[in-house]
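Any read-out appearing in this document is the output of simple, stated calculations on the displayed coordinates, not a laboratory observation. Because the structure is predicted, anything quoted here is derived from the model rather than measured. Glycine gets a Cβ as well: all are built from the backbone with ideal geometry, and neighbour counts include every protein chain shown.
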Amino acid sequence: MVNWLEVEVKVKIDDVNLLRKRILRIANFKKKVSRGDDYFALHAKGYPTKAFRIRDDGEKLIVNFKRHLKKLWKDGVVVKREYEFELSDRKHLDNFLALLEDFGFKEWVKKRKHTEKFEHKKDKRIEIEINHVEHVGTYMEIEYLAKDSEVEKARKAIIDTLHELGVTKDMIDNIGYTRRLYDKKIRDRKYFITKKLKGKK
């Protein structure tokens, strides 16, 4: 099993319509999706150093954890190793939530994201997204899923794509969405899957 490296960059968007036009010159529109991410953390003072999410895309539930590989960060492009698995049915979800409770993990923050996905015309491994994150704002993300030996190739592809879109290095903003929600003191725990499932057993 390959645990892919997620090589990516994030940019705050001021003019969504202008950026969308630029994206469509170099990429094909794929689809729109809305996703809810429930983050769990071991509670401590301040912003937690470790957390993971359960993603609900309306069809399936995916547990996801990302390890930041800061030694590979360069030129505004970040690299993370991604681990994930599917909770295939209600029994698996209930068992996993019971495990979280026993280990002391708590509901931390809910992220709700609405995404437009695009695929680069010249390199289909380059994925471009326009993301509207509730309570945070609208951002563009460029992502390349790479093997360990492909990090430099992925970084160059992302930087070239930024140039194609007229984005300069000073426009990059890789602060995480959960960090921004935390700083705004927004948790939205009332939307957690644990709340939604209560009474449905």
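If the limit is 24 Å between Cα atoms, which of LYS45/LYS110; LYS12/LYS111; LYS70/LYS169; LYS156/LYS184 go over it?
Checking Cα-Cα distances, LYS156/LYS184 exceed 24 Å.
Out of residues 5 or more away from ASP173 or on other chains, whose amide H comes under 5 Å of its own, with H placed 1.01 Å from N in the peptide plane?
HN-HN under 5 Å from ASP173: LYS10, VAL11, LYS12.
Could you calculate the contour length gain from ASN174 to TYR191, that is, 0.36 nm times the residue separation minus the distance between their Cα atoms, to one decimal place in nm?
3.6 nm
Do you know the relative contact order of the chain, to the nearest whole percent, from alpha carbon pairs under 8 angstrom that are 6+ apart?
31 percent.
Please report, to two decimal places, log10 I(q)/I(0) for the stretch 1-98 at q = 0.18, 0.21 Å⁻¹ as given by the Debye formula with identical point scatterers on the Cα atoms and no solvent.
Summing over Cα pairs of the stretch 1-98 leads to -1.16, -1.27.
Select from TRP73, THR194, PHE103 the residue farthest towards the positive end of the dipole of the chain; place +1 on Cβ of Lys and Arg, -1 on Cβ of Asp and Glu, and compute about the Cα centre.
THR194
Between helix 16-26 and the chain, what is the angle of the helix's C-alpha long axis to the longest principal axis, kept within 0 to 90° and rounded to the nearest 10?
Once rounded, one gets 60 degrees.
Explain nothing, just the number: dipole magnitude of the stretch 106-201 about its Cα centre with +1 on each Lys and Arg Cβ and -1 on each Asp and Glu Cβ, in debye rounded to the nearest 20. Don't skip to the answer; put the middle values down first.
Values: 27 positive and 18 negative charges, 242 e Å.
So the dipole magnitude of the stretch 106-201 works out to roughly 1160 debye.
Among LYS111, LYS153, LYS71, what is the fewest-to-most ranking by other Cβ atoms within 10 Å?
LYS71, LYS153, LYS111
In whole Å, what three semi-axes, largest first, describe the equivalent ellipsoid of the stretch 47-198 built from its Cα gyration tensor (square root of 5 times each eigenvalue)?
Equivalent ellipsoid semi-axes, largest first: 30, 18, 16 Å.
By the scheme Lys and Arg +1, Asp and Glu -1, what is the net charge of all other residues having a beta-carbon under 14 Å from that of LYS66?
+3
Taking H placed 1.01 Å from N in the peptide plane, check which residues at least 5 places from LYS30 or on another chain put their amide H under 5 Å from its amide H.
Result for LYS30 returns LYS117, PHE118, GLU119.
Between GLU164 and GLU101, what is the FRET efficiency for a Förster distance of 35 Å, r being their Cβ-Cβ separation, to the nearest 0.05?
It comes out at approximately 0.15.
What is the dipole size for the chain, taken about its Cα centre, with +1 at each Lys and Arg Cβ and -1 at each Asp and Glu Cβ, in debye to the nearest 20?
Dipole magnitude for the chain comes out near 520 debye.
Between HIS43 and LYS122, what FRET efficiency comes out of the Förster formula 1/(1 + (r/R0)^6) with R0 = 45 Å and r the beta carbon distance, rounded to 0.05?
0.45
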